[in-house]
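The next block holds one structure in the form of structure tokens; read it before the comments.
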Amino acid sequence: MIKLEGQKLALSGPLVMDTIDAVLSESGSAVAKADLTVDFSGATNIDSSVLALMMQWRRESEAAGHTITFEKVPDNLRVLAELYGVSFLLDHQPAPD
């Protein structure tokens, strides 16, 4: 489900509530070790639980003084992020006050 290639974390397969814990576990401390780009191009199914995962990764990354960016984000995830008011995650904007 995850392949770490340098500073890119490539996701594949379904990213849904039943798989998020495994994805978080597989990502380990990679997000806290360096600036990182997460590539969603291999994801086959995505639900709103991915937004919580993205927020967790961002917290870990920022706490370690790094940045995390998300690329090739599917349209349905963009719509969910907008709906839940967390679209700032997608463009690495600061969280609203």
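Read-outs throughout are calculated quantities, based only on the coordinates presented, and are distinct from any laboratory measurement. Owing to the predicted nature of the structure, the values given are computational and were not obtained by experimental measurement. Here the Cβ is made from the backbone with ideal geometry for all residues, glycine too, and neighbour counts use every protein chain on show.
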| note | Output row, site residue 69, 7 Å Cα→C-beta label point, backbone N cut-off 13 Å, window segment 5-43, residues 7-9, 35-39
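Which net charge results when you count Lys and Arg as +1 and Asp and Glu as -1 among the other residues whose beta-carbon is under 15 Å from that of residue 15? Let's see the in-between values first.
Numbers: positive: 3, 72, 78; negative: 18, 21, 26, 39, 47, 71, 75.
Residues close to residue 15 contribute a combined charge of -4.
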| Considering the dipole of segment 2-89 built from charges on the beta carbon (Lys and Arg +1, Asp and Glu -1) around the Cα centre, which of 45, 22, 63 is farthest to its positive end? | 63
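I want the local charge near residue 58. Using Cβ-Cβ distances under 13 Å, sum +1 for each Lys or Arg and -1 for each Asp or Glu among the other residues. Please report the intermediate quantities before stating the final value.
Values: positive: 59; negative: 35, 60, 62, 91.
Cβ neighbours under 13 Å give a net charge of -3.
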